[in-house]
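A.B. asks: One structure coming up, written as structure tokens, with questions to follow.
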Amino acid sequence: MTKIDQLLTKRDSAKVGGGQQKIEIQHSKGKMTARERIAYLLDTDTFQEINSFVAHRAHMFGMDKSQPMTDGVVTGWGKIDGRTIYVYAQDFTVLGGSLGEAHGMKIARVMQMAAQNGAPVIGLNDSGGARIQEGVDSLAAYGEIFYQNTQASGVVPQISVIMGPCAGGAVYSPAITDFIFMVEKSANMFITGPQVVKAVTFEDVDAESLGGAKAHTSKSGVADFSATTENEVLNQVKALLAFIPDNNLSSAPFRATADDRARLTPKVQEIIPENPGKPYDIHAVIKEVMDDGQFMEVAAKYAPNVVVGFAHLNGQSVGIVANQPFYQAGVLDINGSDKGARFIRFCDAFHIPLITFVDTPGFLPGVDQEHGGIIRHGAKMIYAYAEATVPKISIILRKAYGGAYIVMSSKHLRGDINFALPNAEIAVMGPEGAVNIVFRKEIQAAGDAESARQQYIDEYREELANPYVAASRGYIDDVILPEECRQKLIQALEVNQQKKVGTPARKHGNIPL
Ligand code: HXC
């Protein structure tokens, strides 16, 4: 065999992973192989694999009898939409994609390269977890990966795609990354699986209910996106990349649009009912205002009272944070605050301006919320907005009461441009609650308590619950017409494009976690 043939044979051997039989088992589960996934994710013929010759060095439990190439993970770089991306894909056909010393070293290496070269890193996870035969060496390798995840955080975007099992401490690498995608039915994530749960808590639960995509996108908030097939999930990943930059020193890609920058948005008025008690879907407002009616929502099923996601405004990528009056009137609660704060911090880390749509009655009252730590969680939103130095532009659409007024990108937290619609109500609390406290005695003393209450409510609304008091203090920069939303936001975005603000010298702040 010539040296060239030897190389080609080795390459072929790496390509078949754990062998044809294992590949067929993988396919029979509706799953692609690691290489098929990479090929689908990346632009055609752009993948450059590295470290395919790496093999494990374990010798116990018969491990010395087989040293498959790649050690169960395919790593390298390629392009998506012409942009460089680092990628690793665990190969379940090789030792169940289990993670040992060499496997972990390979992942840590691409992460390090991604951070050093300023390109996003995408991990395709499909693994039996820590390689049992390698004991503490596999734990050490996980530790190394967690360290690299943390070092890369806020430097390059990190994306995790869960496409099979992800159990034990293995879940913590994805958890440190910026976004988690899951394939419905075939992916799961848990610290301990159903059997351990049963032994410890006597709860009967299957893997899907415990840690499937549905549980994590709607209940735990661990995952941000899911879809039914691997292809759809990988398409979602590519779609997300269109909104985010390569690293913390570059800008998100510009997306040219034929949508006129001066287009009027008359539907905003139709969508928002004048009656502040009536709900409406905030998505309709977002789509009316943003380029081409496009909005990529993040964590859509978790805490739907707070809506976050990406859109483009006159071609520029923006992060949207909005209250959702359609769900619990758009209150801020524990989960909504966590979701909002995390999204705001991602946008701030990667120079994506924040556009905030405000319509909220305030923080959610209740024993569960108080005992669950709404004080600590709500504080995250305040902290995240106050700390963010990207352009911050808001429109108060209707209600902005109490602490929630301050939280939602207000001038006081250094909102750059704050708009309000004419129907905006900005006050310490809603008229009903306010008059019951301030005019309780007068209402009780009145012959017709109900009409007296209504009179006070009308008076309160007239005097206080409007945008003009805040505007007279300069807390609102302009009261705008609903049809002007798009053009005013675009102008505000442009004028803040070169925004620079200093931050205090410190190691890091201490966000309430
Ligand atoms: C070594 C493993 C492995 C592991 C699977 N395999 N998991 N080898 N270490 N952790 C091997 C199997 O022996 C098998 O090898 C091949 O991978 C495929 O596994 P199957 O069991 O045949 O596949 P399937 O039926 O699809 O089941 C997949 C599975 C199951 C659900 C992932 O294998 C499983 O429960 N594995 C153990 C999961 C686990 O408990 N891992 C440790 C988590 S704790 P052959 O040679 O037969 O093909 C952890 C701690 C991390 O990860 C801590 C970090 C800080």
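The values are calculated or read from the model by the stated rules, or taken from the named source; none is laboratory data. In this text, all values refer to a predicted model and were calculated from it rather than measured experimentally. With ideal geometry, Cβ positions are generated from the backbone for all residues, glycine too; neighbour counts draw on all protein chains shown.
A.B. asks: Quick one: what pairs do we get from the range 161-177, first residue under 19 Å from ALA227 (Cα atoms), second β-branched (Val, Ile, Thr) and more than 6 Å from the ligand (Cβ to nearest atom), C-beta under 6 Å, 6+ apart or different chains?
C.D. replies: Close Cβ pairs satisfying both conditions: MET163/VAL183; PRO174/ILE180.
A.B. asks: Going through the range 141-171 one residue at a time, which ones are more than 9 Å from the ligand (Cβ to nearest atom) and either more than 25 Å from TRP77 (Cβ to Cβ) or assigned to a loop (DSSP other than H, G, I, E, B) (or both)?
C.D. replies: Residues satisfying the conditions are SER153, GLY154, VAL155, VAL156, PRO157, MET163.
A.B. asks: Tell me, please, whether a residue that is surrounded by fewer than 24 Cβ atoms within 10 Å (Cβ to Cβ), near the ligand (Cβ under 9 Å from one of its atoms) and within 26 Å of GLU230 (Cα to Cα) can be found in the range 182-192. If you could, list the steps in order and put the result at the bottom.
C.D. replies: Filtering the range 182-192 for residues surrounded by fewer than 24 Cβ atoms within 10 Å (Cβ to Cβ) gives 184-186, 190-192.
Adding the requirement that they be near the ligand (Cβ under 9 Å from one of its atoms) leaves 191-192.
Filter again for within 26 Å of GLU230 (Cα to Cα), leaving 191-192.
Checked the range 182-192: at least one residue is surrounded by fewer than 24 Cβ atoms within 10 Å (Cβ to Cβ), near the ligand (Cβ under 9 Å from one of its atoms) and within 26 Å of GLU230 (Cα to Cα).
A.B. asks: Would you confirm, using the coordinates I've provided, whether GLY82 is modelled with pLDDT of 95 or more and in contact with a helix residue (DSSP H, G or I) (Cβ under 9 Å, 6 or more places away or on another chain)? Working first, answer last.
C.D. replies: On the way: modelled with pLDDT of 95 or more: yes; in contact with a helix residue (DSSP H, G or I) (Cβ under 9 Å, 6 or more places away or on another chain): no.
So GLY82 does not fit the description; no.
A.B. asks: Which condition does PHE202 not pass, out of (1) on the phi < 0 side of the Ramachandran plot; (2) away from the ligand (no atom under 14 Å from the Cβ); (3) not basic (Lys, Arg), if it passes all the others?
C.D. replies: Of everything listed in (1) on the phi < 0 side of the Ramachandran plot; (2) away from the ligand (no atom under 14 Å from the Cβ); (3) not basic (Lys, Arg), PHE202 misses just condition (1).
A.B. asks: Sticking with this one: Return the only residue of VAL479, VAL495, VAL501 being exposed (fewer than 10 other Cβ atoms within 10 Å of the Cβ) and either among the aliphatic types (A, V, I, L, M) or within 14 Å of ILE355 (Cβ to Cβ) (or both). It would help to see each step written out before you state the result.
C.D. replies: Details: VAL479 fails: exposed (fewer than 10 other Cβ atoms within 10 Å of the Cβ); VAL495 fails: exposed (fewer than 10 other Cβ atoms within 10 Å of the Cβ).
After applying the criteria, what remains is VAL501.
A.B. asks: In the range 82-125, which residue that is within 21 Å of the chain's Cα centre (by Cα) and in a loop (DSSP other than H, G, I, E, B) is nearest to the ligand (Cβ to nearest atom)?
C.D. replies: Step by step, filter the range 82-125, then rank; the result is PRO120.
A.B. asks: Right, next: (1) surrounded by 14 or more Cβ atoms within 10 Å (Cβ to Cβ); (2) in contact with a helix residue (DSSP H, G or I) (Cβ under 8 Å, 6 or more places away or on another chain): which one isn't true of ALA471, the others all being true?
C.D. replies: (2)
A.B. asks: How many residues are under 17 Å from the mean Cα position of the chain (by Cα) and part of a loop (DSSP other than H, G, I, E, B) if we restrict to the range 341-378? Spell out the reasoning first.
C.D. replies: Residues of the range 341-378 that are under 17 Å from the mean Cα position of the chain (by Cα), as a first pass: 341-356, 377.
Next, from what is left, pick out any that are part of a loop (DSSP other than H, G, I, E, B): 350-353.
Matching residues across the range 341-378 total 4.
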